[in-house]
1. Amide H neighbours of MET296 under 5 Å, at least 5 residues apart or on other chains, H built in the peptide plane: list them.
2. So, with +1 on the Cβ of K and R and -1 on the Cβ of D and E, and no other charges, what is the size of the charge dipole of region 362-457 about its Cα centre, to the nearest 20 debye?
3. Could you order peptides 305-316, 37-48, 68-79 by the average number of other Cβ atoms within 10 Å of their residues, highest first?
4. May I ask you to derive the FRET efficiency for GLU456 and GLU83 from their Cβ-Cβ distance with R0 = 22 Å, giving the value to the nearest 0.05?
5. Beyond 19 Å, what percent of the Cα pairs of region 80-209 remain?
6. Collect residues whose amide H, placed 1.01 Å from N in the peptide plane, falls under 5 Å from the amide H of GLU162; neighbours closer than 5 in sequence don't count.
7. With every protein chain left in place, what is the accessible area per residue of the chain in square angstrom, probe 1.4 Å?
8. Which of LYS212/LYS266; LYS346/LYS460; LYS192/LYS214 have a Cα-Cα distance over 28 Å?
Amino acid sequence: MSYEGKGFYVTTPIYYPNARLHMGHAYTTTLCDILARYHRVLGESTYLLTGSDENSEKVVRAAQAAGIPLAQYLNDIVMGFGELYNALGIGFDQFIRTTDQVNHWPGAQALWLRLVQSGDIYRATYQGLYCVGAESFVTEKDLREGGLCPDHDEQPQVLEEENYYFRLSRYADTVAQKIESDELRILPASRKGEVLAFIRQGVADVSFSRPKEKVALGIPVPHDETQVMYVWCDALTNYISALGYGREDNTLFTQFWPADVHVVGKDILRFHAVIWPAMLLSAGLPLPRTILVHGMLTSGGRKMSKSLGNVIDPHELIASYGAEAVRYYLAREVSPFEDGDITHEKFKEVYNAQLANGLGNLTSRIMAMAERYLEEPLPQERHSFPEKYHEAMHNCDIKAAIDIAWSEVSALDRYIQETQPFKLVKIHREGGVAIITELVERLRHIAHLLTPFLPETAAKIQELVRTNTKPEAPLFLRVE
Ligand code: MSP
């Protein structure tokens with residue numbers, strides 16, 4: 001099976017700019033970056049889209065609480081997103097903001113008009129509850145005791161208003177069938193099952209707009225100035241508006257749609273696996289190929305939250321350990337298919353064992369021997385990935401892919417133990433040199449395998465091998 005050759009389009013969710021990004025958001029984004037880098041190494045034209053979901057009441061409230069004018073608050077927070085991405089080595093191709101009237105609104109409005117054309121938008125009265133935390137219409141049965149939203153611990157608003165509805169019910173069966181057949185692949189299988197069970201319970205139409213006077217931000221509904229789009233309707237369209245859908249220049253859209261992978265957390269699965277495909281079907285557009293649904297990152301076993309005081313700031317970790325260490329932890333210590341945990345203690349332990357003593361030390365030992373005993377650098381060679389590595393990436397099993405690289409690190413460590421080349425080379429020069437050559441060769445292969453995960457470290461190792469020199473400083477300094 002060949003995975004090479006075509007373009008690759010991967011998206012992060014667009015984040016609410018109501019607070020700085022934490023490790024959970026860094027996680028989603030890093031998964032996307034790893035997938036994108038893998039495809040770039042294969043030489044495919046690759047596009048990574050990310051952005052901010054701004055037309056939300058949550059954002060308006062946050063700006064008010066901070067006492068900062070809304071536009072400035074948005075700019076500041078979004079600037080902070082960019083800083084984190086830079087610090088983490090996220091190579092994104094575009095950052096889309098949903099308040100961007102030039103790059104986002106035309107696409108959102110064009111898609112709306114397609115839904116109208118298909119007869120899937122109608123007016124009705126919404127009478128019920130709305131949770132601003134979730135930006136979601138909720139029903140009594142969604143709530144926990146005390147009438148609070150279970151995910152957001154807040155009292156939903158009671159609404160009675162005229163809205164436009166989207167005829168979601170009309171597409172439920174088709175969406176289910178496409179998910180069932182993996183035409184729309186939901187990973188992992190447990191999430192696929194969860195969505196199918198949800199759809200089989202019956203899916204009702206969904207309110208798709210809000211009265212303009214009730215919300216501060218929002219994209220105007222075409223031909224009706226009194227209404228703005230429901231924030232999820234607006235947000236989901238970012239995946240195509242950013243590519244130029246509904247605009248004059250839609251080259252990117254033609255080249256990259258449908259998305260190869262939408263990466264989302266499990267909390268926003270239904271929006272992506274039910275509403276979004278239904279919108280696309282209604283508009284006659286192709287569906288994304290894969291939705292990767294990852295778990296939640298907890299800290300000390302509990303959901304990260306400001307009130308619990310266990311929010312881990314990615315900048316802090318980057319400052320102490322470097323971005324590559326953060327990327328390593330997220331890729332290797334967290335399975336993309338389950339919840340994962342991160343604490344400062346565990347991070348340090350993993351860092352010292354796997355990076356300082358592991359890869360870093362291995363590189364130093366091998367390259368010190370190489371510099372001393374090899375006459376010249378290894379001849380250049382093109383490296384490829386093993387089939388099971390391709391397979392892991394194809395299945396978005398990021399951890400399985402980096403595990404392959406790391407089993408090679410352990411194998412090399414053992415090999416050095418067994419063969420003791422630093423001793424051998426003194427009594428049997430040729431035999432020692434042959435082993436050292438093999439070690440360098442295999443180290444270079446490890447660097448290749450690590451390129452999507454630890455791009456800087458991989459490049460450093462490749463450079464050492466190319467010039468046949470030992471590192472001047474440890475790749476990863478031990479942290480006490
Ligand atoms: N704005 C919506 C997404 C719209 S996409 C068309 C949203 N934003 S969010 O900022 O609340 O969350 C964005 C992503 O971050 C989600 O995929 C969510 O699962 C993820 N995470 C937020 N907290 C997280 C953890 N603690 N752990 C892992 N991911 C987490 O939802």
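The values are calculated or read from the model by the stated rules, or taken from the named source; none is laboratory data. The structure presented is a predicted model; accordingly, all values stated were derived computationally and were not measured. No Cβ is skipped: glycine too gets one built from the backbone with ideal geometry, and neighbour counts run over all protein chains shown. Surface areas here come from the heavy atoms of the whole protein model, side chains and all, with no ligands, DNA or RNA. Shrake-Rupley method; radii C 1.70, N 1.55, O 1.52, S 1.80 Å.
1. ASP339, GLY340
2. Details: 11 positive and 15 negative charges, 67 e Å.
In total the dipole reaches around 320 debye.
3. 37-48, 68-79, 305-316
4. Efficiency for this residue pair is about 0.80.
5. Beyond 19 Å sits 69 percent of the P(r) for region 80-209.
6. It is TYR126, by chain and number.
7. 43 Å²
8. On the way: LYS212/LYS266 30 Å; LYS346/LYS460 26 Å; LYS192/LYS214 36 Å.
In this structure, LYS212/LYS266; LYS192/LYS214 exceed 28 Å between Cα atoms.
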